[in-house]
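Before any comments, here is the structure.
The values are calculated or read from the model by the stated rules, or taken from the named source; none is laboratory data. Quick caveat, the model's predicted, so the values are computed rather than measured. Quick reminder, even Gly has a Cβ in these numbers, built from the backbone with ideal geometry, and neighbours come from all protein chains shown.
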Amino acid sequence: MKPTLLVLAAGMGSRYGGLKQIDQVGPSGETIIEYSVYDAIKAGFGKVVFVIRRSIEEAFKEALGNKFAGLIEVDYAIQEIDVKIDGIDNMPKRKKPWGTGHALLVAASKINAPFAVINADDFYGSGAFKALATFTQKLQDKNGYEYAMVGYVLKNTLSDYGSVSRGVCETNDENHLIGVTERTKIQAENGTIYFTDDSGQKHELPDNTVVSMNFWGFTPSIFNELRKQFIDFVAQNTDNPKAEFYIPLVVNNMIVNDMATIEVLTCEDKWFGITYKEDKEIVKKAFSQFVSQGVYPSPLWR
């Protein structure tokens, strides 16, 4: 069975200031999502599921949905605060959904094979998709908690135009993930990378620190545990309208309780993303170079 690609595309990009999921960055007007789907198809993925908001559904499908017809199976899941989750009768009132873990949960009915999870507005490189596809092949007939994460070298993931947040990874001698610690306000200053903690104190981070860019490899076995943890999380955060249920939180809990092994597949490729508006020109130049080097055709969908 071919693996599935789950694309988290429900965020509106508050720092960027618009619907960056369908922003054109390729020489022929391609979006970052298109390059991810292209790389996934070449790596052997057989289906893509987009997690989107109702408010962007029409624009998203018009801009992207038809481009993949005949190339890969396409499906959609809606992430909203009113989406029914088994085990929760009354969802607390709030203005925004519950984060990336919640995004996985709303797509559970759409996935019946090993799957990869990515952000819609991040470019990961073809090597990451090949590594994840290879990993999923050994999981086809297993229901256990054996998962993977593609890790990136920190220095290859920064923005020139502002600070970023990254999940700093810790691994053991078997290259299994021990934990992910979310660090915010990460920025390079005079050649040194720092993160700033909640008290305003700066802490140095090595250039080669492995970080999570939200590229995960799971089997459908994750959904049972995901649902259990989400039910508990909602109960604990009924009165906290800003609480977010992130994938690393779920993974960390499973690791701490010896429930799962997460193999870290380190990627040396340059990661590209549009966190700030100014990042767009850097990303556009990068794709132009990829085309001139023959990495991608232009137009992408010939």
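The table that follows gives values for the structure above.
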read-out	value
Odd one out for L71, checked against (1) part of a helix (DSSP H, G or I); (2) surrounded by fewer than 22 Cβ atoms within 10 Å (Cβ to Cβ)	(1)
Residue under evaluation I186, criteria (1) surrounded by fewer than 20 Cβ atoms within 10 Å (Cβ to Cβ); (2) without any contact (Cβ under 8 Å) to a residue 60 or more places away in the chain; (3) in a strand (DSSP E or B), criterion not met	(1)
Residue satisfying all of: in the range 271-302; assigned to a helix (DSSP H, G or I) and of a type in the set (D, E); modelled with the highest pLDDT among these	E281
In the range 113-153, residue modelled with the lowest pLDDT [restricted to those that are of a type in the set (S, T, N, Q) and assigned to a loop (DSSP other than H, G, I, E, B)]	N143
Complete set of residues in the range 18-62 that are closer than 19 Å to Y76 by Cβ, among the charged types (D, E, K, R) and in a helix (DSSP H, G or I)	K20, E34, R54, E57, E58, K61, E62
Residues (over 26 Å from T184 (Cα atoms), in contact with a helix residue (DSSP H, G or I) (Cβ under 8 Å, 6 or more places away or on another chain) and buried (at least 17 other Cβ atoms within 10 Å of the Cβ)) located in the range 261-302	F287, Y296, L300
Residue list for the range 154-183, filter: under 21 Å from D279 (Cβ atoms), more than 16 Å from the chain's Cα centre (by Cα) and part of a strand (DSSP E or B)	R183
Residues (part of a strand (DSSP E or B), in contact with a Leu (Cβ under 7 Å, 6 or more places away or on another chain) and over 29 Å from S126 (Cβ atoms)) located in the range 189-235	Y194, F195
